[in-house]
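Peer 1: The structure's right below; bear with me while I get my questions together.
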Amino acid sequence: SGVMGIDKAWYDVARTLGAIQRFLILRVAIPAALPNVFVGLFMVLGASFSVLIVAEMVGVKSGIGFYLQWAQGWAAYPNMYAALLV
């Protein structure tokens, strides 16, 4: 969607100045699409950490997810909230 959202005039200007297809991709399309790529990466970062913590709760004996469950089991709620902030 980032490449599709680029104004067609940018391609026309580059072609008028003699750009080949490779130049259009490497010097026009990719740099213009990078803001959309970084927005997508930023949005998925929070979801990836959530999935990581859930996976640690289920499958391993270390990590923040495991520590959250361990602290909850021992009723160490201040430690649990500190782990949530981490």
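The values are calculated or read from the model by the stated rules, or taken from the named source; none is laboratory data. Model, not experiment: these values are computed from the prediction. All Cβ positions, even for glycine, are placed from backbone atoms using ideal geometry, and neighbour counts span all protein chains on display. Just so you know, the surface numbers come from the protein's heavy atoms only, side chains and all, with ligands and any DNA or RNA stripped out. Shrake-Rupley method; radii C 1.70, N 1.55, O 1.52, S 1.80 Å.
Peer 1: At a 1.4 Å probe radius, carbon and sulfur cover how many percent of the accessible area of the chain? Before the final figure, lay out each step's value.
Peer 2: On the way: 4820 of 6780 Å².
Of the solvent-accessible surface of the chain, carbon and sulfur hold 71 percent.
Peer 1: Give, rounded to the nearest 20 debye, the magnitude of the charge dipole that the chain has about its Cα centre when Lys and Arg contribute +1 at Cβ and Asp and Glu contribute -1 at Cβ.
Peer 2: 260
Peer 1: Here is a further query. Taking the chain on its own, what percent of its Cα-Cα pair distances exceed 21 Å? Display every interim value, and only then the final one.
Peer 2: Details: 2010 of 3655 pairs.
That tail contains 55 percent of the Cα-Cα pairs.
Peer 1: Who wins for biggest fluctuation among 33, 47, 75 in a Gaussian network model of the chain, springs between alpha carbons below 10 Å?
Peer 2: 75
Peer 1: Kindly provide the chymotrypsin sites (Phe, Trp or Tyr not before Pro) of segment 11-86 that DSSP labels as loop, not H, G, I, E or B, and whose Cβ sees at most 10 other Cβ atoms within 10 Å.
Peer 2: When the chymotrypsin sites (Phe, Trp or Tyr not before Pro) of segment 11-86 are filtered for loop state and at most 10 Cβ neighbours within 10 Å, 74 remain.
Peer 1: Between residue 6 and residue 24, what is the label-to-label distance in nm when each label sits 7 Å out along the Cα-to-Cβ direction?
Peer 2: 0.9
Peer 1: Name the helices (complete DSSP H segments) of the chain with a Cα length along the long axis of 27 Å or more and a Kyte-Doolittle mean of at least 1.6, or state none.
Peer 2: Long hydrophobic helices here: 30-59.
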